[in-house]
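Undergrad: Take this structure, written in C-alpha cells, and hold onto it; I'll ask about it next.
The values are calculated or read from the model by the stated rules, or taken from the named source; none is laboratory data. A quick note: this is a predicted structure, and the numbers were derived from the prediction, not measured. Don't worry about glycine lacking a Cβ; one is built from the backbone with ideal geometry, like all the others, and counts go over all protein chains shown. Protein only, heavy atoms only, side chains kept; ligands, DNA and RNA dropped before computing areas. Shrake-Rupley method; radii C 1.70, N 1.55, O 1.52, S 1.80 Å.
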Amino acid sequence: MYLSTEKKKEIFAQHGGVDTNTGSAEGQVALFTYRIAHLTGHLKKNRKDFGTQLSLQKLVGKRRALLAYLFKVDIERYRAIIKALGLRDIIKSI
C-alpha cells in the first residue's frame with residue numbers, strides 16, 4: 001500500500017499540529033494533495049484507468065471545497081496551507 005499509517009501520521013503532524021489531529025482542514029488538504037499526486041502519477045502510466053480518473057476528480061473536488069471553507073473562515077490559514085503545499089491560489093480574492 002502506498003500510504004502507510006506512519007506516512008499519514010507524518011502528514012498530519014506536519015500540517016495538522018499533532019499526529020492525532022486528523023480532522024483539521026489543513027491536515028485533510030495535505031492528505032488529499034499527497035493522494036492526488038500519487039493518483040496523477042498512476043494515471044500518467046495507465047491512461048485508460050477511468051475508475052482512478054473518477055477518484056482523482058472527486059479528490060480534487062473535496063480538496064477544493066476544503067480550501068474554499070478555509071478561505072471563508074480564516075484567510076491566514078488558507079494562505080499558509082497554500083504556501084506550505086505549493087498549490088496555486090485556487091480561489092480568487094475579490
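Undergrad: How far, in degrees from 0 to 90, does helix 25-45 lean away from the longest principal axis of the Cα atoms of the chain, to the nearest 10?
TA: 20 degrees
Undergrad: A further question on this structure: What is the Cα convex hull volume of the chain when expressed per residue in Å³?
TA: Details: hull volume 9.8 nm³, N = 94.
Cα convex hull per residue, to the nearest whole number: 104 Å³.
Undergrad: What's the magnitude of the charge dipole for the chain around its Cα centre, counting Lys and Arg as +1 and Asp and Glu as -1 at the beta-carbon? Answer in Debye, nearest 20.
TA: Working: 18 positive and 8 negative charges, 104 e Å.
Dipole size: approximately 500 debye.
Undergrad: Per DSSP helix of 4 or more residues, -39500 (n - 2.57); summed, then divided by the residues of the chain. What does that give at 222 nm, rounded to the nearest 500?
TA: Working: 4 runs with 68 residues, N = 94.
-24500 deg cm²/dmol, from helical runs alone.
Undergrad: Quickly work out the residue 80-to-residue 9 label distance, labels modelled 7 Å from Cα along the C-beta direction, and quote it in nm with one decimal.
TA: If labels sit at residue 9 and residue 80, their model points lie 2.3 nm apart.
Undergrad: Lys/Arg Cβ at +1, Asp/Glu Cβ at -1, dipole of region 5-85 taken about the Cα centre: which of 81, 23, 54 is farthest positive-ward?
TA: Value: 54.
Undergrad: Enter the accessible area per residue of the chain (Å², integer; probe 1.4 Å; all protein chains in place).
TA: 69 Å²
Undergrad: Moving to a separate point now. What's the center-to-center distance, using Cα atoms, between region 5-20 and region 43-93 in Å?
TA: Between the Cα centres of region 5-20 and region 43-93 lies a distance of 18 Å.
Undergrad: Counting only protein heavy atoms, what percent of the accessible surface of the chain is carbon or sulfur at a 1.4 Å probe? Don't skip to the answer; put the middle values down first.
TA: Values: 3490 of 6470 Å².
Exposed carbon and sulfur together represent 54 percent of the surface.
Undergrad: So, in nm, how far is label residue 21 from label residue 58 when the simple model puts each one 7 Å beyond its Cα toward the Cβ?
TA: 2.8 nm
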